[in-house]
Amino acid sequence: MKLPDNYTPTANCLAGKVIVVTGAGAGIGREAALTYARYGANVVLLGRTTAKLEQVYDQIEAEGSPNAAIYPINFEGAVEKDYLDMAVRLEEEYGKIDGLLINAAILGQHTPINNYAVDTWNQVMQINLNSPFMMIKALAPLLAASGNGSVITTSSSVANAGRAFWGAYAVSKAALKNLTEILAQEWDEVIPVRINSLNPGGTRTTMRAQAYPAENPADVPPPSEHMPLYLYLMSDDSLGVSGQYFNARQ
Ligand SMILES: NC(=O)c1ccc[n+]([C@@H]2O[C@H](COP(=O)([O-])OP(=O)(O)OC[C@H]3O[C@@H](n4cnc5c(N)ncnc54)[C@H](OP(=O)(O)O)[C@@H]3O)[C@@H](O)[C@H]2O)c1
């Protein structure tokens, strides 16, 4: 699916909402966090590099947006208890979560499976797949408490069909898409939380430069171009939309 034609988010469409963004310190996650704050949300910035999160926090504050919060966490080492503790902290602070953007990921190796290092495979799976599974599971009650929660999982074109040399990254994204579909079905008419996959497509970030080192970065759009779709799925404009796969680039 794609963004509805002529979609224009209204100012303050996220006012009063609490939105958690993973990988909020850089790339697409950083842009989404700044955008959500500009549209009125209280954004919780999750990531592994505190200095980057602090820069985003400072920018949100400088722009006069609602209060943000920083929650440093390294998804590589985090275990279920860390996510349950996170849920307790967020419940104490906000009592609910209205949105969760699962965005943080790593690329791993670009190599044939025969050469793929098992340690790297496990690291990619932990960050890109196991961490979202544990986080969504831990935060689902808080999302339900919103009465109208929205989860976005970040996909990739390699989620839709295997592609040589993309290894654990492709497998993790295919599984995350599948997890998203499972959750959409299980939650439908059971808890008031919708969940959708969003494939940003080629986007000018560090990860893209890592994957395509010979590419001119100017040939792919910056994260800001995708923000209408990120706003649509997080705002009440997408109420009732769940279990769908959205492409930011046409
Ligand atoms: N860019 C593209 O062309 C493209 C295309 C399709 C899909 N995507 C997807 O879009 C999402 C964002 O990608 P991006 O291009 O913005 O990537 P990016 O610039 O590399 O940013 C990734 C973010 O994830 C965080 N992160 C990585 N490992 C982490 C860990 N162990 N614990 C906590 N945070 C961690 C990074 O934190 P640090 O900055 O501290 O390392 C960073 O904030 C990813 O899910 C990616 O798969 C991107």
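Using every pair of alpha-carbon atoms in the stretch 19-99, split the distances into 5 Å bins beginning at 0 and state the percent of pairs per bin, rounded to integers.
3, 16, 28, 24, 19, 7, 2, 0
For every other residue with a beta carbon closer than 14 angstrom to the beta carbon of GLU61, add +1 if it is Lys or Arg and -1 if Asp or Glu, then tell me the sum.
The answer is -2.
Taking the Cβ of PRO217 as the centre, find all other residues whose Cβ is under 9 Å away and add up their charges (Lys, Arg: +1; Asp, Glu: -1).
Once all neighbours under 9 Å are counted, the net charge is 0.
Setting aside same-chain residues fewer than 8 positions from LYS2, which aspartates and glutamates have a Cα under 18 Å from its Cα?
Once the sequence-local aspartates and glutamates are set aside, what remains near LYS2 is GLU181, GLU225, ASP236, ASP237.
Got a number for carbon plus sulfur as a percent of the chain's accessible area, 1.4 Å probe? Could the numbers behind the result be given before it?
Numbers: 5610 of 11390 Å².
Summing carbon and sulfur atoms, their accessible area is 49 percent of the total for the chain.
Counting heavy atoms of the protein chains only and a 1.4 Å probe, report the per residue accessible area for the stretch 18-245 as a whole number of Å².
Details: 9890 Å² over 228 residues.
That works out to 43 Å² for each residue.
Under a GNM of the chain (C-alpha, springs under 10 Å), which listed residue has the highest mean-square fluctuation: ALA87, ALA69, ALA184?
ALA69
Where does the charge balance sit around VAL79 when Lys and Arg score +1, Asp and Glu -1, over other residues with C-beta under 14 Å from its C-beta?
On the way: positive: LYS81, LYS137; negative: GLU76, GLU80, ASP82, ASP85.
Local net charge: -2.
Output the antiparallel fraction of DSSP beta bridges having both residues in the stretch 18-245, as a percent to the nearest 5.
Antiparallel bridges make up about 0 percent of those DSSP assigns within the stretch 18-245.
Angle check, please: helix 167-187 long axis (alpha carbons) against the longest principal axis of the chain (alpha carbons), in degrees 0 to 90, nearest 10.
30
For the stretch 18-245, compute the orientation-averaged projected area of the C-alpha convex hull (one quarter of its surface), in nm².
12.0
The values are calculated or read from the model by the stated rules, or taken from the named source; none is laboratory data. Note that this is a predicted model, so its numbers are computed, not measured. FYI the Cβ positions are ideal-geometry reconstructions off the backbone, even for glycines, and counts take in every protein chain you see. The area values use the complete protein model at the heavy-atom level, side chains included, leaving out ligands, DNA and RNA. Shrake-Rupley method; radii C 1.70, N 1.55, O 1.52, S 1.80 Å.
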